[in-house]
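Everything below concerns the one structure shown next.
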Amino acid sequence: MMGKNIDLGMVRSIVNFAIFLEFTGKDRLDEDLSIEMMEQLSADLKSMDKYDQESLARQIVFVSTEYQGDVREFVENLPESLGLEIE
């Protein structure tokens, strides 16, 4: 059974948190803490069933068009970086 779409506001929150972790300078955010939080985010999202992971991955790619440049590329690749299951 296919999971329902995840609210786009929630998707944007996840994306913006990941952007913050990736692009905040070392002088403002400890690099080890940033990596640890990204790994925790990945683990939490991978605990969802595969249908919800696929839905989230599709919606992340959908919202990537709202960003530009390096940030857009980062967001487009975020599902793979987070290890979300995509078929």
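The values are calculated or read from the model by the stated rules, or taken from the named source; none is laboratory data. Remember, it's a predicted structure, so these values are computed and weren't measured experimentally. Don't worry about glycine lacking a Cβ; one is built from the backbone with ideal geometry, like all the others, and counts go over all protein chains shown.
I'm checking my understanding of the structure. Among residues of the range 1-44 that are among the basic types (Lys, Arg) and under 18 Å from residue 58 (Cβ atoms), which one is modelled with the lowest pLDDT? The selected residue is 4. Checking each residue in the range 1-27 for being of a type in the set (Lys, Arg) and in a helix (DSSP H, G or I) picks out only 12. Taking the range 6-36 as the range and being touching a residue at least 12 places away in the same chain (Cβ under 8 Å), surrounded by 14 or more Cβ atoms within 10 Å (Cβ to Cβ) and more than 12 Å from the chain's Cα centre (by Cα) as the test, the residues that pass are 6, 34.
Being of a type in the set (Asp, Glu) and within 22 Å of residue 73 (Cβ to Cβ) is a property that holds for residue 31. Please verify whether the range 45-58 includes one or more residues that are part of a loop (DSSP other than H, G, I, E, B), under 11 Å from the mean Cα position of the chain (by Cα) and modelled with pLDDT of 95 or more. No - not one qualifying residue is present in the range 45-58.
Restricting attention to the range 59-77, the residues that are of a type in the set (A, V, I, L, M) and over 9 Å from the mean Cα position of the chain (by Cα) total 3. Scanning the range 59-69 for residues that are closer than 18 Å to residue 20 by Cβ and either assigned to a helix (DSSP H, G or I) or touching a residue at least 60 places away in the same chain (Cβ under 8 Å) (or both) turns up 60, 63, 64, 66, 69.
Which of the residues belonging to the range 44-71 are among the polar types (S, T, N, Q), in contact with a helix residue (DSSP H, G or I) (Cβ under 8 Å, 6 or more places away or on another chain) and exposed (fewer than 15 other Cβ atoms within 10 Å of the Cβ)? Full working, then the answer.
Our first condition is that a residue be among the polar types (S, T, N, Q); within the range 44-71, this holds for 47, 53, 55, 59, 64-65, 68.
Applying the additional criterion that residues be in contact with a helix residue (DSSP H, G or I) (Cβ under 8 Å, 6 or more places away or on another chain) yields 53, 59, 64-65.
Scanning the range 44-71 gives a single hit, 65.
Mind checking whether some residue in the range 28-44 is polar (S, T, N, Q) and assigned to a loop (DSSP other than H, G, I, E, B)?
Going through the range 28-44, the residues polar (S, T, N, Q) turn out to be 34, 40, 42.
Among the residues that remain, those that are also assigned to a loop (DSSP other than H, G, I, E, B) are: none.
No.
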